[in-house]
Amino acid sequence: MTHTFRPALMSLGMSLVACGAQTPAAPAPLLATPAASASAPVSPAPDPLGSKPPTPPSPPFLPPSPTVDLAPGGITVWLLERHEVPIVSCDMTVPTGASSDPKGKAGLAHATARMLEEGAGARGAIDLARATDDLGAHLATDANADASFVSVTVLKRNLDRAFSIFADVVARPRFERAEYKRMADLWFNELLERQKDPDATARVVYRVALFGPDHPYGHPWDGTLKSAKAMTLEDVRRFYAAAWRPDRAVLICAGDVTKTELMPLVETSFSSWKAPAAPPSAPLVPPPPKGPWPRLVLVDRPDAPQSVVAALKPGLVASDPAGAALWRVNDAIGGSFTSRLNQDLRERRGYTYGARSRFSVSRGAGQVVSWANVVTDKTGDALDAMLGDLQKFADEGLSDDEVDRTRSQARGELVSVYESVEGIAGHLAADASLGLPPDWQAKVSARREAAQKGELDALAKQFYSPDGAIVVVVGPRARVQPMLDKLKMPTPEIRDSEGNVVK
Amino acid sequence: MRPVSVATLPFVGAGLLAVSSANGRDLDIPFTKTTLADGMVAILSVDHAVPQVAVNISYDVGSRMEPAGRTGFAHLFEHLMFMGTRRAPIGSFDGWMEAAGGRNNAWTAEDRTDYFDIAPAAALPLLLWLEADRMRDLGPLIDQDKLGLQRDVVRNERRQSIENRPYGVEELELPKLLWPEGHPYHHPVIGSHEDLEAAGVGDVRQFFATWYDPSNASLVIVGDFDPEKIRPTLDTWFGSMPSHGKPADPGAPGFSDEKTTLRGVVRATISDNVELTKVTLAWQSPKHFAPGDAELDLVASVLAHGKESRLYKALVYDQKIAQEVSAQQESHVLGSDFVVDALVRPGVDPSKVEKALFDQVAKLREQEVSNEEIERARNGYEMEFVDRLQVVAERASLLNMYQAERGDPGFVQRDLDRYRHATAGEMLSYAKRVLTPDAVVVLTTVPRKEGGAR
């Protein structure tokens, strides 16, 4: 409640970072001469700081790759050992997520993930939470577009006991009716609350507007008010049975554990987890979105002091190595404090606390969005500026400075991911869940470093040009509409906070 | 930039964060501390295994030092610290740092303002040079244009993170209700639009001259560097600044930091653009590191950490009257806020939730918590300590917090010991003394009627 941060640009999932205005570094000595104490000459005292110190290039960073093993039950195990701090973090993932939600059951992957920790093995929901907290462990479950996850982070001395709880949650969820009813009530109320959050609303609308309600990616992962009401415990049981099998699972561990410690733990904890005789289903690969897309979508938020303004485009699939270079392109336009969008909308015009862009990848399609939360009075001006910045970026590509700077920035960001065991395990689990190989990070890092201006410019044009972008505005319609009219935008398609077109 | 070699894996250097195998529990962050000629403190902590460095500079100034009619100014000033100097013109602080593969941020709180930079090891001289440059020269170079621009940004920060965010308005109201007029915590850190508008260039110069004195600052470097090489640089760049001496901490004259100023139950209701009603209880509680502070941290865990916690189990799981619950001891230098809150489920009378919250708090005043509950809460804190220390920037931040508040960057072990040694008897005693039913704020946030004014 007390800390207020300056840029609103701390962590944006997989994309972040930057570029600035590099000037040639003068060959200055690191240590300036201190001012002489007595009988100074007539000339002004020398500047104790001297000129800007040179910054030698940092060495490239090659992300480490995990070892890979196969446990007897069919679980693939990735391990990256780190022994400096006595913590271990593990993720179990299976390649089924929200894209497999059946028609009318948006949020089923989400509901299933939540139910995993509402009682498992010998413990009910409360006992399970208590046993986890007794160990000081962090246990979490989640589902995204393409995959489901269970993760645990714990001090090494408590690993055995925490791992046993983790295995229960993965392999022996209880799925009790009373717990389902309780979870479903809480979930429904969360969806009511989501409608009041402008950023959460915008994210829902991006997804529905870009992919359309019939596409596997065209609904919010956490569902809708209607689908949450329609869901049943039987849906959850069916989803779990199809998704969670040892022969579809990858276990990723990072931290203070060796292979000789980990593998027996996996074998013991998961000995009773068997794959059914029927062959496992292949991971779903949804097609790219087709359109036709609306040009302008408006969600009314009466009396709001700010509007969310955004430009949205289809992106890259996860397996496309061009994503490595797209990271740098994104850094240049909106992924860092010194990016073009932030410098223009925030540091030059003062319309916003921060303007950014982000690309996300998934198995079948990606999404690229540039956005800012802007003061309501400047909604039109801010949108105009944003589209202008995107147009210029698409037309001209990256400056030479941006080409250099984004290489350093992406490198610095990646190093930070590998600082904590949770960061490592989470990063690797994302790759594993998408079917990418264990050395994917090492491979694409080399490519990210090597990308030249031509490749970066082509990506800038393809993914950030405002041509064909869906413009989304979440703000007070009565005040915002006249501003949009002035920009010669087409009549907006009005949508509600769950992305449905309002007739 | 041409690659010269491939870095080895980054991670915390062995021995840097020692966790002894004997009891598996002892924390240590090795460091050296010196005071430079102008009074600035420099704390160095080497970790060669990480090919990066974190720099953290903390100034002993926060929103509680703001002059009357200038709420939000300490935070606005933080924004101005990025607005350029003669050596590093506007835009270059971020531009040069990000070009070198680094990044930075800052935060302002009631008691302190903290700036931090993270970059590849080779960029350390640049980070230090940029920080020394703005500490030395920035204030007098701020003009009306720079001030006006960052004022707009900060006002947008207020809109984005408070006014347009569900339950944000509560953050503006709670300090006013909990702390009396004239107390330095009476206003929120973000300040009012009116006061932000009123701030002028004269305020900027005065604030800089008073509070951004080297003797009021502490610098921490953590990571991959050679302390022998960097020391002379620190002396030259940071140790030779003009200083008026460390400004006196204004404290909270006339207010005790042990006795609450609340005289009864203070009730207020606000409306916000939210779906569910929220009930918040707040007490004045012991200041950071004072006796009772860690005990109340543990009490908060017992109340609301995890599904098995008392509030969650009773209000969310069993009675199903609340959607969410939380409890925190929010520690500050002059006194703390102990805050308990719950979101009320649709169709439930908020007074029922309020009563349930008070009932659970009453139990803490009547009977000792179980050993099992204490142990669980302690284990949670221990995990947080170890987890946080993996990251160089977090270590830098922690060293400076201990320096600012304890005068001892090496306080981490004793900090953890506070939790380890807390007893059920002490927790009961502080719950009795602090969480009283007759000196408490009860703030209710209700959904705004459609079309109605706030």
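Just so you know, all these numbers are worked out from the coordinates, no wet-lab data involved. Because the structure is a prediction, the values reported are computed rather than measured. Positions of Cβ are backbone-derived with ideal geometry, glycine not excepted, and every protein chain shown enters the neighbour counts.
Some values worked out for this structure:
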{"quantity": "Residue-averaged [θ]222 nm for chain A, counting only DSSP H segments that reach four residues, each worth -39500 (n - 2.57)", "calculated": "-11500 deg cm²/dmol"}
{"quantity": "Fewest-first ranking of A:148, B:161, using other Cβ atoms within 10 Å as the exposure measure", "calculated": "B:161, A:148"}
{"quantity": "Pairwise Cα inverse-distance average, inverted: Kirkwood Rh of the range B:45-128 (Å)", "calculated": "14.0"}
{"quantity": "Rounded tilt (10° steps) of B:392-406 against the dominant C-alpha axis of chain B", "calculated": "70"}
{"quantity": "Length released on extending from residue A:68 to residue A:247, taking residue separation times 0.36 nm less the Cα-Cα span", "calculated": "63.0 nm"}
{"quantity": "Pair residue A:450, residue A:185: separation of 7 Å Cα→Cβ label points (nm)", "calculated": "5.9"}
{"quantity": "Local electrostatic count, residue A:223, Cβ distance below 9 Å [Lys/Arg +1, Asp/Glu -1]", "calculated": "0"}
{"quantity": "Mean separation of Cα contacts under 8 Å, 6 or more apart, over the residue count of chain A: relative contact order %", "calculated": "23"}
{"quantity": "Residues in the range A:122-141 reached by a label modelled at residue A:161 [backbone nitrogen below 11 Å; 7 Å Cα→Cβ]", "calculated": "A:131-137"}
{"quantity": "Folded to 0 to 90 degrees: helix B:227-237 orientation relative to chain B principal axis, Cα", "calculated": "90"}
{"quantity": "Share of pairwise Cα separations in the range A:237-393, more than 23 Å, in percent", "calculated": "59"}
{"quantity": "Share, in percent, of DSSP beta bridges within chain A that are antiparallel, nearest 5", "calculated": "75"}
{"quantity": "Residue B:438-residue B:228 FRET efficiency (beta carbon distance; Förster radius 60 Å; 0.05 resolution)", "calculated": "0.50"}
{"quantity": "Around residue A:138: net Lys/Arg minus Asp/Glu count, Cβ-Cβ under 9 Å", "calculated": "-2"}
{"quantity": "Environment charge of residue B:310, counting only residues whose C-beta is closer than 14 Å and scoring Lys/Arg +1, Asp/Glu -1", "calculated": "-2"}
{"quantity": "Approximate spin-label separation residue B:266-residue A:238, in nm, with each point projected 7 Å along Cα-to-Cβ", "calculated": "5.6"}
{"quantity": "The range B:264-447 - Rg over Rh from alpha carbon coordinates, Kirkwood radius", "calculated": "0.99"}
{"quantity": "Helix-derived mean residue ellipticity, 222 nm - over chain B, DSSP H n ≥ 4, -39500 (n - 2.57), to 500", "calculated": "-11500 deg cm²/dmol"}
{"quantity": "Computed FRET value (nearest 0.05) for residue B:421 with residue B:35, which takes r as the C-beta separation and R₀ as 30 Å", "calculated": "0.45"}
{"quantity": "Normalised convex hull volume, the range A:296-495, alpha-carbon set, Å³ per residue", "calculated": "128"}
{"quantity": "Chain A: C-alpha gyration tensor shape, a/c 1.5 cut-off, then a/b vs b/c", "calculated": "oblate"}
{"quantity": "Base-10 log of normalised Debye intensity for chain B (one unit scatterer per alpha-carbon) at q = 0.06, 0.08, 0.11 Å⁻¹", "calculated": "-0.29, -0.53, -0.99"}
{"quantity": "Two-decimal ratio, the range B:32-237, of alpha-carbon radius of gyration to 2.2 N^0.38 Å", "calculated": "1.07"}
{"quantity": "Rh by Kirkwood over Cα pairs, then Stokes-Einstein D for the protein assembly as shown at 0.692 mPa s and 37 °C, µm²/s", "calculated": "112"}
{"quantity": "For the range A:67-269: lysine pairs under 28 Å (alpha-carbon distance), excluding those fewer than 8 apart on one chain", "calculated": "14"}
{"quantity": "Contact order normalised by residue count of the range B:89-131, Cα under 8 Å, 6+ apart, percent", "calculated": "34"}
{"quantity": "Two-site label geometry, residue B:359 and residue A:458: point separation in nm, points 7 Å out along Cα→Cβ", "calculated": "6.8"}
{"quantity": "The range A:129-265: relative contact order as a whole-number percent, Cα under 8 Å and 6+ apart", "calculated": "19"}
{"quantity": "D_trans [Stokes-Einstein, Kirkwood Rh over alpha-carbon pairs] for the range A:67-269, 20 °C, 1.002 mPa s, µm² s⁻¹", "calculated": "121"}
{"quantity": "FRET efficiency, residue B:258 to residue A:103 (Cβ-Cβ, R0 51 Å, nearest 0.05)", "calculated": "0.20"}
